[in-house]
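Enquirer: Okay, handing you the structure first.
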Amino acid sequence: MFFCSKIYRKEAFSIKALEEKIVNEGRVLPGDILKVNNFINQQIDTVFLKEMGKEIARLFKDSNPTKILTIEASGIAIAVAAAYEMNIPVVFAKKGNPSNVSKDSYSALVESYTRKNVNNITVEKAFLGENDKLLVLDDFLATGESLRGLISIAKQSLAQVVGAVTVIEKGYQGGGDNLRREGLRVESLAIIDEMDENGIKFRPQN
């Protein structure tokens, strides 16, 4: 267990540490659902979050993003941790049609694999533009629909997408590999190749 431990505070991020945290603290549920709501999705392990932010900043240091673009709600904390290390802003797309979002907005439709519904996501045009270099971010990557929605918004704004990053990728669903084949740099802190009630198999990474 790495939750707020004094030992972990002295250690740099490692893929192995995240994989062990997923196994020890996550739960695999019927319907191909992985719950990690005790350290990412609802309760947040802030010490571990900070280290993940540092790792994301390290991975994309040479890409020089000007902003991180994510979707509410679970991606926001991770994006803020990474953006803090890069000293850049976070822009998050809002779901639905909130009354406090200007009609002068970019929008895209995103199908949620977990919730089995379609969300309209929006970002006001004032926050993105052609001079931006965007790192798109989400907590999970399954089929890739959320990232594609963010990329669509980026393209509408004429911004450049320098890459995409997620905490956990379900590699067996192919979304990440499809985006990579299309030429997008996709980095995932942990990639799951197999998952069921008997255990989780991770993809080896350098």
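Readers should treat all values here as calculations from the given coordinates under stated rules, not as data from a laboratory. From a predicted model like this one, the values you see are computed outputs, not experimental measurements. Reconstructed Cβ throughout: ideal geometry from the backbone, glycine too, with neighbour counts over all protein chains shown.
Enquirer: Provide the gained length on full extension for the span ASP62 to ASN97, in nm with one decimal, where the gain is 0.36 nm per separating residue minus the Cα-Cα distance. Before the final figure, lay out each step's value.
Expert: Values: separation 35, 0.36 × 35 = 12.60 nm, distance 3.58 nm.
Once the chain is fully extended between ASP62 and ASN97, it gains 9.0 nm.
Enquirer: Full extension from GLN43 to GLU111: what is 0.36 nm times the residue separation minus their Cα-Cα distance, to one decimal in nm? Kindly include the intermediate steps, with their values, before the conclusion.
Expert: Working: separation 68, 0.36 × 68 = 24.48 nm, distance 2.46 nm.
Roughly 22.0 nm would be gained on extension.
Enquirer: If you don't mind, there's one more thing I want to ask. Give me the extension gain from ALA126 to ARG27: residue separation times 0.36 nm, minus the current Cα-Cα distance, reported in nm with one decimal.
Expert: Working: separation 99, 0.36 × 99 = 35.64 nm, distance 3.98 nm.
Computed gain between ALA126 and ARG27 is 31.7 nm.
Enquirer: Could you compute Rg(Cα) / (2.2 N^0.38 Å) for the range 86-172, with N its residue count? Mind dumping the intermediate values first?
Expert: Details: Rg = 13.0 Å, N = 87, 2.2 N^0.38 = 12.0 Å.
With N residues counted in the range 86-172, Rg over 2.2 N^0.38 Å equals 1.08.
Enquirer: Under the rule that an exposed site lies in a DSSP loop and has at most 12 other Cβ atoms within 10 Å, name the longest stretch of the chain with no GluC sites (Glu not before Pro) of that kind, not counting the sites themselves.
Expert: Values: sites that count: GLU11, GLU130, GLU182, GLU197.
Longest stretch, sites excluded: 12-129.
Enquirer: Percent of alpha carbon pairs in the chain separated by more than 28 Å?
Expert: 24 percent
Enquirer: Which is the longest part of the chain that has none of the trypsin sites (Lys or Arg not before Pro) sitting in a DSSP loop with at most 10 other Cβ atoms within 10 Å? Walk me through the numbers on the way to the answer.
Expert: Details: sites that count: LYS10, LYS103, ARG115, LYS116.
It runs 11-102.
Enquirer: Defining a contact as two alpha carbons under 8 Å apart and six or more residues distant in sequence, what relative contact order in percent does the range 15-202 show?
Expert: Details: 363 pairs, mean separation 33.5, N = 188.
In percent, rounded to a whole number, it is 18.
Enquirer: Compute the FRET efficiency between SER14 and TYR84 as 1/(1 + (r/R0)^6), taking r as their Cβ-Cβ distance and R0 = 25 Å, and round to the nearest 0.05.
Expert: Approximately 0.75, to the nearest 0.05.
Enquirer: Please determine, in degrees from 0 to 90 and to the nearest 10, the orientation of helix 74-86 with respect to the longest principal axis defined by the Cα atoms of the chain, where the helix direction is its Cα long axis.
Expert: 90 degrees
Enquirer: Explain nothing, just the number: dipole magnitude of the chain about its Cα centre with +1 on each Lys and Arg Cβ and -1 on each Asp and Glu Cβ, in debye rounded to the nearest 20.
Expert: 340 debye
Enquirer: Excluding same-chain residues fewer than 8 positions from LYS95, which aspartates and glutamates have a Cα within less than 20 Å of its Cα?
Expert: GLU72, ASP104, GLU111, GLU124, ASP138, ASP139, GLU145
Enquirer: Normalise the Cα radius of gyration of the range 16-135 by 2.2 N^0.38 Å (N = residues in it) and let me know the number.
Expert: On the way: Rg = 16.0 Å, N = 120, 2.2 N^0.38 = 13.6 Å.
That works out to 1.18 for the range 16-135.
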